[in-house]
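The values are calculated or read from the model by the stated rules, or taken from the named source; none is laboratory data. Quantities reported herein were computed from a predicted structural model and do not represent experimental measurements. Cβ coordinates were reconstructed from backbone atoms using ideal geometry, including for glycine residues, and neighbour counts include every protein chain displayed.
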Amino acid sequence: MTSLPVEQTWMVLVDLLTDLKKKDMEIPSGLNKDIQLAKTTINFYKVNPTDPERMKEIKRINDLLNSVQDTLLTLADTISDDYVEGWVEKLQKAAMGDQIYDIPDKKPRFVAGAPSGFSMVRLTFKKPISEERLVDIAEYHNIILEFEEDNVLMIYGSKENIQKSLKELSSFFNEQLLE
């Protein structure tokens, strides 16, 4: 499915939010939640745009995006006129249906071959991670690790064992954040 103008607007707003954070701007609490809710609602709508119940979500999506946009542009305006004008231009192009960002067409995938009675978790790292570093964690917590891709890890095991292993695996995410 092609990208909707609201998705492009959402992407511009996420990019603006990220840029403002890099500039050490104080972001109002609740704004991240509104952006996440907008994306979730957009995805819900995209499942079946012809469904009357899903059509009702268009107003909610627009209200959320407008609220976020107003807040972010007010913050951007404190930086400079040129800065805010650049973002307004991007938002106008997005509203007109221009594609500003490539949005990958990701569809949820069912994982075939998961052992019966096992829970499963999929982790995606920013960068590939070495399998050797994970072997001890797998053995200690009695879980099965399988690489779907170099940076995508599948974990199988009991729910309790997976939860314990995730606590140790969190250090890998922290390392990648600090790089």
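Miscellaneous remarks
- Per-region count, the stretch 129-148, residues more than 18 Å from residue 164 (Cα to Cα), at pLDDT below 75 and either within 27 Å of the chain's Cα centre (by Cα) or part of a strand (DSSP E or B) (or both): 3
- Pairing residues of the stretch 29-49 that are assigned by TED's automatic domain parsing to the domain that holds residue 18 with residues that are modelled with pLDDT under 85, at Cβ distances under 6 Å and at least 6 apart in sequence or on separate chains, gives 45/54; 48/54.
- Elements of type helices (runs of 4 or more DSSP H) contained in the stretch 20-85, each with 1 or more residues being at pLDDT 85 or above, hydrophobic (A, V, I, L, M, F, W, C) and touching a helix residue (DSSP H, G or I) at 6+ places or on another chain (Cβ under 7 Å): 31-47, 57-77
- Checking each residue in the stretch 72-89 for being farther than 13 Å from residue 12 by Cα, surrounded by fewer than 18 Cβ atoms within 10 Å (Cβ to Cβ) and of a type outside the set (Asp, Glu) picks out 74, 78, 79, 80, 83.
- Hey, residue 9 surrounded by fewer than 15 Cβ atoms within 10 Å (Cβ to Cβ), within 23 Å of residue 98 (Cβ to Cβ), out of contact with any Asp or Glu (no Cβ under 7 Å at 6 or more places or on another chain) and at pLDDT 85 or above or not: no
- Single residue of the stretch 149-164 satisfying the filter (charged (D, E, K, R) and either under 13 Å from residue 120 (Cα atoms) or surrounded by 19 or more Cβ atoms within 10 Å (Cβ to Cβ) (or both)) that is nearest to the chain's Cα centre (by Cα): 159
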